[in-house]
Amino acid sequence: MTPSSAITALDRQLRKHGHDALLRRQAWVGTVRTSANLPVRICLRGYRPDEVTGGIVQGDSEVVISPTELGASAWPDGAGELPRQGDVIISGSRSLAVIAVDPRYIGGELVRINLQVRG
């Protein structure tokens, strides 16, 4: 599988089975809190009981996003910047804090981003 075919397949699955959400990064500029928002298509699922180990706790979820949307935007500090701990996924009425980021690569090219979220 090539990086481009992996991304194409992920994008197709997210369009078919995912839903719209926002990736949000908040920062303080002096005394003003700012937010950078990026619309993303996500797949959200709870962890199975056998996956609840180490830093994963009951109630955590996994979010999968594609690098396509990150690469097409300047969110928030440059095209392709990965989400990081402390960012937030807004999914419907839920606000999910990013706990861990697990980027996946094929041949050195980013093809998928798995996020452990809590909230």
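Taking the criterion of being over 17 Å from the mean Cα position of the chain (by Cα) and of a type in the set (Asp, Glu), the residues of region 1-55 that qualify are Asp50, Glu51. Please tell me if Arg104 is touching a Lys or Arg at 6+ places or on another chain (Cβ under 9 Å), more than 24 Å from Ala27 (Cα to Cα), among the basic types (Lys, Arg) and surrounded by fewer than 16 Cβ atoms within 10 Å (Cβ to Cβ). Spelling it out, Arg104 is indeed touching a Lys or Arg at 6+ places or on another chain (Cβ under 9 Å), more than 24 Å from Ala27 (Cα to Cα), among the basic types (Lys, Arg) and surrounded by fewer than 16 Cβ atoms within 10 Å (Cβ to Cβ).
Please verify whether Arg48 is surrounded by fewer than 16 Cβ atoms within 10 Å (Cβ to Cβ), farther than 19 Å from Val98 by Cβ and of a type in the set (Lys, Arg), treating the condition exactly as stated. The answer is yes for Arg48. Looking across region 1-49 at every residue that is over 12 Å from Thr68 (Cβ atoms) and of a type in the set (Ser, Thr, Tyr), the one that is modelled with the lowest pLDDT is identified as Thr34.
The values are calculated or read from the model by the stated rules, or taken from the named source; none is laboratory data. Predicted model only: the values in this text are computed from it and were never measured. All Cβ positions, glycine included, derive from the backbone under ideal geometry; neighbour counts span all protein chains shown.
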